[in-house]
1. Collect the residues in region 221-254 that are under 16 Å from Asn205 (Cα atoms), surrounded by 20 or more Cβ atoms within 10 Å (Cβ to Cβ) and not small (Gly, Ala, Ser), keeping them in residue-number order.
2. Step by step: first the residues of region 194-220, then only those that are surrounded by 17 or more Cβ atoms within 10 Å (Cβ to Cβ) and within 15 Å of Ile253 (Cα to Cα), then the one that is farthest from the chain's Cα centre (by Cα). Which residue is that?
3. Taking only region 132-149 into account, find how many residues are under 26 Å from the mean Cα position of the chain (by Cα) and open to solvent by 10 Å² or more (accessible area, probe 1.4 Å).
4. Can you find, within region 81-123, the residue that is least open to solvent (accessible area, probe 1.4 Å) among those that are farther than 27 Å from Pro235 by Cβ and assigned to a loop (DSSP other than H, G, I, E, B)?
Amino acid sequence: MHQLFDEVIGTPPPTTIDSRAIVRHDRRVRATLWSTLGATAMAAGLAVIVLATGGGPAGTPPVGAPPADPMVRPDNRLELRSATREEAQVSAARLKAALDAAVRAAVPSAQWDPKGFDITVIDYVSPLGWIGPAGVTNGGVTGSVNVMLHGFPTSIKIDPLTCATLAAVPDKKADGQRGDNPASAPPCVDATTASGKPVVTYTMNTKDTKRFEVRIGLADNRVMTITSGGDENTPALTLDHLVRIAQEATDRIK
């Protein structure tokens, strides 16, 4: 039978198919396929692990967590405490350091006393507060900058700090010189610092005394009062200098 078919069909032409090449190609295809499937399976396995553990590489935020806001900065300002005299004494030392840095940043051209501020606790007001001067020479004038910081009872609201809110404060001689009510002081002027913080300012100008004063509000219903005096009826620092100090101080103090 085989011979009959050969006779009918005849001798087939020589083949042009390279069987060895086909085998090699088939092996390469299979190797590539298995490599691709293996990598895909590995990636899927890693994804399952990440989802199961809820984390990723070290340093990456958790899955689903919102990205951190680079514009949000921690509040590193000094918190003043005065519930007891012991707390107030501790805060007095910290307040001194903050004020020493504030005045030098606000008026770098001035020559400040190396001892800085002499801050003591005010124990005749409730809640307790702080007071103290610092010697300064500026523009050939030698004088001092005095700072007083104390709180008001919660029944007296001074936020926001304006001439109007201060006018409602009872006229008590808390500072030993005059009351906190601007009615007993030179005309009050509402102003702001360069960063927009509200302040009130006073200018006392008589034949015997010339003095500038700035007040700025702080946390816990507190007010900081900054005054500038000098010799020969000329303050060592200007009103603008005091406004800068008020801003620098509240950038460091709550």
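1. Thr227, Pro235, Leu237, listed by residue number.
2. The qualifying residue farthest from the chain's Cα centre (by Cα) is Arg215.
3. 1
4. The qualifying residue least open to solvent (accessible area, probe 1.4 Å) is Ser82.
The values are calculated or read from the model by the stated rules, or taken from the named source; none is laboratory data. Note that the structure is a prediction, hence the values are computed from the model and not measured. Note: ideal-geometry Cβ built from the backbone for every residue, glycine included; neighbour counts use all protein chains shown. When the accessible area is computed, the model is the full protein with side chains, heavy atoms only, and any ligands, DNA or RNA have been set aside. Shrake-Rupley method; radii C 1.70, N 1.55, O 1.52, S 1.80 Å.
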